[in-house]
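Please read the structure below before turning to the comments.
The values are calculated or read from the model by the stated rules, or taken from the named source; none is laboratory data. Given the structure is predicted, the values throughout are model-derived calculations rather than measurements. Here the Cβ positions follow ideal geometry from the backbone for every residue, glycine too, while neighbour counts run over all protein chains shown.
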Amino acid sequence: MSTCSYCYQRGHNKRGCPILKKDAADDKESGLDTWRTRYVASQATKAKTRRCSYCKQPGHTRRTCTMLESATVVYINQTKQLHKTFARVMARVGAGPGALVRSGYEVYDYKTRESIEHPLCMITKIRWEKLTPVNFRGNFVVAKTVQRYQRSTWATDPESVELWNCFTNRLHEDAATMDLLRSMGGGYQYQKPSKDMFEIVSPMHSTIDLSGVDYKRMADAHFKDHEAATAGDPASRQAVVDYWCEIIEKI
Ligand SMILES: [Zn+2]
Ligand SMILES: [Zn+2]
């Protein structure tokens with residue numbers, strides 16, 4: 001809780017101090033031009049010229065920005081559309097938690113001094129927050145090695161080797177598709193290296209639950225880092241999301 005540097009009471013700061021405001025009003029009434037009257041006047045001017053940190057327009061703040069509000073709604077709907085499509089297809093092919101896969105990553109075991117290509121893993125987690133309309137091809141499937149290795153080159157935790165994989169349609173991972181996605185406003189896209197891919201060894205066919213995904217939080221995280229100028233155009237992003245969902249459906 002803040003302590004006011006003017007009246008030393010708790011719960012407000014100098015800018016919102018009712019006693020300072022009253023003292024300034026009293027000064028003004030007595031015809032005095034004091035630091036208090038000047039302070040209150042300058043605060044009023046500042047409030048008038050303050051701009052929204054999202055859309056950069058004056059007269060409102062981020063909290064009451066209608067542009068940010070509608071952008072958030074669009075972002076959440078697009079994220080849900082992506083997630084539902086992925087969840088449906090992953091359930092169909094059995095790429096849910098519990099499935100055994102061969103990861104494209106390599107594990108180096110310092111104990112045996114051996115490099116293990118395509119280690120056998122079990123999918124343990126789907127990090128849905130990594131799959132967004134902006135990062136719609138990201139690595140979001142977490143798989144843990146079934147065998148315990150001494151350690152790996154990129155995991156400092158011995159005997160617990162987690163591998164991040166994507167879930168994408170290899171049939172459409174060609175340069176032409178990537179170019180098309182880029183031209184549609186999908187950001188920079190490149191063909192995924194095989195290390196990001198996994199092969200399903202033993203599928204786990206079960207419905208994939210999306211009820212725990214906090215979409216509001218995902219949107220807040222996105223717009224915290226982006227203002228209107230860099231947040232991307234929701235309409236062109238919709239075309240990218242639609243197209244990518246179409247591709248994923250073909251797996
Ligand atoms: Zn005060
Ligand atoms: Zn605004």
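Exactly one of these conditions fails for Leu20: (1) within 16 Å of ligand 2 (Cβ to nearest atom); (2) buried (at least 17 other Cβ atoms within 10 Å of the Cβ). Give me its number.
Single failed check for Leu20: (1).
Kindly indicate whether Ala44 is part of a helix (DSSP H, G or I), of a type in the set (A, V, I, L, M) and either within 16 Å of ligand 2 (Cβ to nearest atom) or modelled with pLDDT of 95 or more (or both).
no
Which count do you get for residues in segment 101-137 that are assigned to a loop (DSSP other than H, G, I, E, B) and either surrounded by 15 or more Cβ atoms within 10 Å (Cβ to Cβ) or more than 17 Å from the chain's Cα centre (by Cα) (or both)?
Result for segment 101-137: 14.
Go through (1) loosely packed, with under 13 Cβ neighbours inside 10 Å; (2) modelled with pLDDT of 90 or more; (3) farther than 30 Å from Arg237 by Cβ for Gly98 and report which single condition fails.
Just one mismatch for Gly98, condition (1).
Return the pair list, or none, for Cβ contacts closer than 6 Å from residues in segment 3-31 that are within 21 Å of Thr45 (Cβ to Cβ) to residues that are assigned to a helix (DSSP H, G or I) and of a type outside the set (S, T, N, Q), at least 6 apart or on different chains.
Final answer for the pair search is Ser5/Lys14; Tyr6/Lys14; Tyr6/Leu20; Asp23/Arg36; Ala24/Arg36; Ala24/Val40; Asp27/Arg36.
Mind telling me which of the residues Gly212, Gly232 ends up being buried (at least 16 other Cβ atoms within 10 Å of the Cβ), part of a loop (DSSP other than H, G, I, E, B) and assigned by TED's automatic domain parsing to the domain that holds Gly104?
Of the residues listed, the single one that is buried (at least 16 other Cβ atoms within 10 Å of the Cβ), part of a loop (DSSP other than H, G, I, E, B) and assigned by TED's automatic domain parsing to the domain that holds Gly104 is Gly232.
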